[in-house]
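A.B. asks: Dropping the structure in here first, questions after.
Each value in this text was obtained by applying a stated rule to the coordinates, not by laboratory testing. These numbers come from a predicted model, not from an experiment. We place every Cβ from the backbone using ideal geometry, glycine too, and count neighbours over all the protein chains shown.
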Amino acid sequence: MNIDARYHPTPEQLEGFAQGSLTPGMNVVISAHVEMCATCRKSISELEESASEEWLRSTPDTRASSINYSAMIESIVDHPQIKNDSAASDNVSEIHMLDHSVTLPRALAKVASDGLVWNRLAGGINQAMVTLDDQTQCEFLYMKPGSQVPVHKHQGSEVTLVLDGSFEDDLGHYKPGDFVVRTAKDLHQPASEEGCLCFAVLDSPLTFTKGLARLLNPFIRYRFRRATSAAAAL
Amino acid sequence: MEDVVSGAGSMLMGSLANTKSVKKPVASSLPSISSSESDTDERLLIAVGNHQDRAAFNALFSRFSNKIFAMGMKLTRNEQLSHDLVQEAMLTVWQKAPLYDLDRGTAQSWIFTLTRNRCFDILRKMKRQPATVSADDIWPQEGDVDSQLVHEEEGTMKVEVSKIESFYSRLPAAQRAVVEQIYIHDRTHEEAAAALEIPLGTLKSRLRLAVGKLRQMVGTEV
């Protein structure tokens with residue numbers, strides 16, 4: 001599934017992916033792009049190399065007093081080793097569209113394996129939301145041929161990965177593998193002439209991460225969802 | 001401290017590098033600054049993988065466990081979780097060492113990625129995030145995407161299509177008609193109810209039953 005994508009994650013996003021510092025939602029969409037894009041796969045291995053150097057260089061070599069080393073080693077070496085890579089997953093790896101089916105990248109196949117519930121929005125758009133964490137809103141979007149999303153603005157930033165078909169907006173025409181990043185500043189109006197299946201990740205505008213304020217998060221997320229789906233349904 | 005073995009290490013590296021093809025850039029661009037040290041890590045890891053070398057594993061453990069613990073403390077701020085991370089990451093090193101080869105990059109990068117992955121899973125549990133995706137779904141299995149793509153592209157597709165079709169055909173006719181309207185003809189609930197000349201409520205309950213049944217069938221067969 002190697003595709004010559006023309007739009008890629010930003011260097012910061014690739015670095016965060018290699019370091020493991022991103023949200024699960026963002027990790028999933030980048031993982032799906034990387035699986036399709038040999039260029040980004042190569043960057044990721046290089047970024048992992050440098051992240052590992054940085055890790056070893058910057059970490060103080062203090063011994064963790066709570067670890068009983070010899071006991072831990074004893075318990076580990078009792079385990080059998082894995083001789084062959086039997087990683088092939090049994091996940092459903094495709095989505096059925098009206099007249100054909102689309103093979104999904106591995107991470108997305110896993111996401112879709114619990115079953116997707118599609119909601120119809122206005123303008124020929126269908127949406128299936130999935131919950132991956134509490135900081136992003138993730139969804140599969142299917143735009144029917146000839147469909148158009150009303151002009152909208154996001155509060156956070158939005159990443160859209162094209163899986164099948166294509167869509168276009170003022171800034172370009174996006175094909176499978178393309179990773180389209182839009183920030184809060186961008187006003188855009190995507191449309192799809194031939195129909196398009198995408199996976200989109202939106203950053204939540206605001207989340208509290210400390211103390212009692214965290215209690216507010218469910219309400220903020222609720223409003224955030226209402227706001228974004230209302231915008232699309234206008 | 002590892003001078004004793006670094007000579008042997010670089011010889012081994014040299015001979016392996018010669019026999020391997022150089023298609024992957026990572027292995028051929030090993031950092032030159034700390035090369036004697038990383039030669040040692042690779043040699044140790046290969047010894048663990050090839051003949052369960054306990055002394056080599058001990059050496060890797062003493063070199064990496066504190067670093068792993070520190071990464072755990074940085075990301076979880078919890079001593080118990082960091083302790084678990086050392087246990088799980090070093091267990092993975094032991095178990096997967098036979099899968100390591102120089103094509104997968106340096107040993108330190110390999111150990112870093114599997115530590116990062118175990119840490120992701122531990123954090124996800126800690127934050128009680130939905131268990132939908134694990135680190136192994138997100139990052140290619142400790143470093144190798146290409147071999148997996150080959151597996152995937154060969155076969156799963158037809159099986160899935162025919163499976164779904166056979167499930168669908170097992171539905172009672174009334175439910176099948178509803179599923180057909182909604183999922184194949186892509187009609188709204190209202191349109192489908194009108195086309196089938198049934199009340200909207202009936203349509204919705206049939207759809208719910210049908211989807212429930214399909215899910216059950218998929219669940220038991222997969």
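A.B. asks: B:V48: net charge of surrounding residues, Cβ under 12 Å, Lys/Arg +1, Asp/Glu -1, itself excluded?
C.D. replies: Values: positive: B:R43, B:R54, B:K96; negative: B:D41, B:E42, B:D53.
Taking every other residue near B:V48 into account, the sum is 0.
A.B. asks: FRET efficiency for B:H185 and A:K83, Cβ-Cβ distance as r, R0 = 60 Å, nearest 0.05? Let's see the in-between values first.
C.D. replies: Details: r = 50 Å, r/R0 = 0.84.
Calculated value: 0.75.
A.B. asks: What does the average come to when, for each residue of peptide B:87-95, you count the partner chain Cβ atoms lying within 10 Å of its Cβ? Could the numbers behind the result be given before it?
C.D. replies: Values: counts 4, 1, 0, 6, 5, 3, 1, 8, 6.
Mean number of neighbouring Cβ atoms from other chains: 4.
A.B. asks: Relative to the present Cα-Cα distance, how much length would full extension add between A:L116 and A:Y69 at 0.36 nm per residue of separation? Present the calculation step by step, with values, prior to reporting the outcome.
C.D. replies: Working: separation 47, 0.36 × 47 = 16.92 nm, distance 4.58 nm.
Using 0.36 nm per residue and subtracting the Cα-Cα distance, I get 12.3 nm.
A.B. asks: Also: What is the Cα centroid distance between segment B:45-64 and segment A:1-77, reported in whole angstrom?
C.D. replies: For segment B:45-64 versus segment A:1-77, the Cα centre distance is 22 Å.
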